[in-house]
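Asks: Okay, here's the structure, questions in a sec.
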Amino acid sequence: MLKSIVTNYKKVSKPVINIIVADFFLQLINSSFVSIQPLYLKSVGYTDGLSAGFISYRFLGVLLLAFPIGFYIKNKKLKPLFYISGIGVPTFAIINIIAIEHKLSLLISVSQFCFGSFLAFLQIAMLPFILRNSTEYNKTESIALSFSSWSIASIVGGFFIGTLNKINNQIFSEHNLLLGISAIGYISTYFISKSTSENNVEHVTSNATTYNWKKITKALIPTSLLALGAGLTIPFISLFFSNVHHVSTANFAYLSSFASVLVVFGAMLVPQIKNNMSYRIAVPTTQLLAVLALVFMATTQYYSYTAISVYIAAFCYLLRQPLMNMAGPMT
């Protein structure tokens, strides 16, 4: 089974591989911000509520640009959009870190918004690029691999953050780690340059009436509800482990890294699930179990005084991550 999975993934085209690697370096920034930015904001004196408010601007940028970019890319080359992300994301990530250091609240919000906006160019254009540069035989593997880039970045980022922070938490503080990882993000432009341009851009007439909005709406409702839940919880997970269970930055980074290993493994199994199980069963089942795991994780606050509570919380977190993220490539 493992041999057949590896063989199928070897069929993914070179242009797609290069863009996925470029995405990895940008997701390295994104995953590191999700993991330790709330802890950095806390360390300079911002409350949990204010931290979540700042982080929400990153997702606001994605929200406002999603539809315009989606309509724009229909008949367009996509490489220029990747370059916009490759330069813009690390630039505004660095600006954001400097703004937090000097407690420039307005600049924190603006840079967060720009961070999300520039990342949206790559995230939204990624799937169309994969579809243009894949065949029916490697399309599912290409999509699953692209969804894994976030998790692989989380594994690498979590491991290095945890290790370096344990070595010296003064030199490798949240500030310095985020700054260094943001600078590494510029490497993405090299892999974007190596990816060949698409030769099979569809030239079709497109407007709002050409889409099946009934089907799109049916798909958006559950996805939006889950996204709302994620938006209300994900920014607080690192703070939850820090405030409730007193888990250090380094240990939480290790926990996130291990969770991402499970996410990658789950994403890699998606093509096999496609062949053996209906998506109508797999998608709601995995997401329902993920939500329940998150609820059980939250209840550990009620008995956080016990030694076992942190282990139960960690187990629920490790269970939630792969289950929830498996649904992405399936959808």
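The values are calculated or read from the model by the stated rules, or taken from the named source; none is laboratory data. The shown structure was predicted, so the numbers you read here are calculated from the model rather than taken from an experiment. Cβ placement follows ideal geometry from the backbone for every residue including glycine, while neighbour counts extend to all protein chains displayed. In case anyone asks, the SASA skips ligands and DNA or RNA and just uses the protein heavy atoms, side chains included. Shrake-Rupley method; radii C 1.70, N 1.55, O 1.52, S 1.80 Å.
Asks: Looking at Ile55, Ile124, Ile108, which one is closer than 30 Å to Ala250 by Cβ and under 18 Å from the mean Cα position of the chain (by Cα)? Break it down into steps so the answer makes sense when it comes.
Replies: Values: Ile124 fails: closer than 30 Å to Ala250 by Cβ; Ile108 fails: under 18 Å from the mean Cα position of the chain (by Cα).
None of the others qualify; the one that does is Ile55.
Asks: Go through (1) touching a Ser or Thr at 6+ places or on another chain (Cβ under 8 Å); (2) open to solvent by less than 70 Å² (accessible area, probe 1.4 Å); (3) not β-branched (Val, Ile, Thr) for Ala125 and report which single condition fails.
Replies: Of (1) touching a Ser or Thr at 6+ places or on another chain (Cβ under 8 Å); (2) open to solvent by less than 70 Å² (accessible area, probe 1.4 Å); (3) not β-branched (Val, Ile, Thr), only one is false for Ala125: (1).
Asks: Further question on the same structure: Just to be sure, is Thr140 farther than 11 Å from Ile20 by Cβ, outside any helix (DSSP H, G or I) and among the β-branched types (Val, Ile, Thr)? Quick ask: steps written out before the conclusion?
Replies: Working: farther than 11 Å from Ile20 by Cβ: yes; outside any helix (DSSP H, G or I): no; among the β-branched types (Val, Ile, Thr): yes.
So Thr140 fails the test.
Asks: Yes or no: Phe240 among the aromatic types (Phe, Trp, Tyr), farther than 16 Å from Pro222 by Cβ and either more than 17 Å from the chain's Cα centre (by Cα) or open to solvent by less than 30 Å² (accessible area, probe 1.4 Å) (or both)? Outline the logic, then answer.
Replies: Values: among the aromatic types (Phe, Trp, Tyr): yes; farther than 16 Å from Pro222 by Cβ: yes; either more than 17 Å from the chain's Cα centre (by Cα) or open to solvent by less than 30 Å² (accessible area, probe 1.4 Å) (or both): yes.
Taking the combined requirement at face value, the residue satisfies it.
Asks: Name the residues in segment 43-79 that are open to solvent by 60 Å² or more (accessible area, probe 1.4 Å) and more than 29 Å from Leu177 (Cα to Cα), would you?
Replies: Those that are open to solvent by 60 Å² or more (accessible area, probe 1.4 Å) and more than 29 Å from Leu177 (Cα to Cα): Leu64, Phe67, Pro68, Phe71, Tyr72, Lys74, Lys76, Lys77.
Asks: Let me ask something else about it. Among all residue pairs at least 6 apart or on different chains, which show Cβ distances below 8 Å where the first residue, located in segment 131-145, is of a type in the set (Lys, Arg) and the second is buried (at least 17 other Cβ atoms within 10 Å of the Cβ) and part of a helix (DSSP H, G or I)?
Replies: From residues that are of a type in the set (Lys, Arg), the pairs are Lys139/Ile130.
Asks: Can you name the condition, by its number, that Ala293 falls short on among (1) within 16 Å of Leu226 (Cβ to Cβ); (2) open to solvent by 50 Å² or more (accessible area, probe 1.4 Å)?
Replies: Tallying (1) within 16 Å of Leu226 (Cβ to Cβ); (2) open to solvent by 50 Å² or more (accessible area, probe 1.4 Å), Ala293 fails exactly one: (2).
Asks: Next question, about the same structure. Could you list, in sequence order, all residues of segment 242-251 that are touching a Leu at 6+ places or on another chain (Cβ under 8 Å) and in a helix (DSSP H, G or I)? If you could, list the steps in order and put the result at the bottom.
Replies: So in segment 242-251, the residues touching a Leu at 6+ places or on another chain (Cβ under 8 Å) come out as 242, 247, 249.
Residues satisfying the conditions are Ser242, Thr249.
Asks: Mind checking which residues of segment 19-42 are modelled with pLDDT under 90, in contact with a helix residue (DSSP H, G or I) (Cβ under 6 Å, 6 or more places away or on another chain) and open to solvent by 20 Å² or more (accessible area, probe 1.4 Å)?
Replies: None; the set is empty.
Asks: Here's something else I'd like to know. Going through Thr163, Thr223, Thr196 one at a time, which residue ends up being in a helix (DSSP H, G or I) and either under 24 Å from Ile84 (Cβ atoms) or modelled with pLDDT under 85 (or both)? Show your work before the answer.
Replies: On the way: Thr163 fails: either under 24 Å from Ile84 (Cβ atoms) or modelled with pLDDT under 85 (or both); Thr196 fails: in a helix (DSSP H, G or I).
Answer to the check: Thr223.
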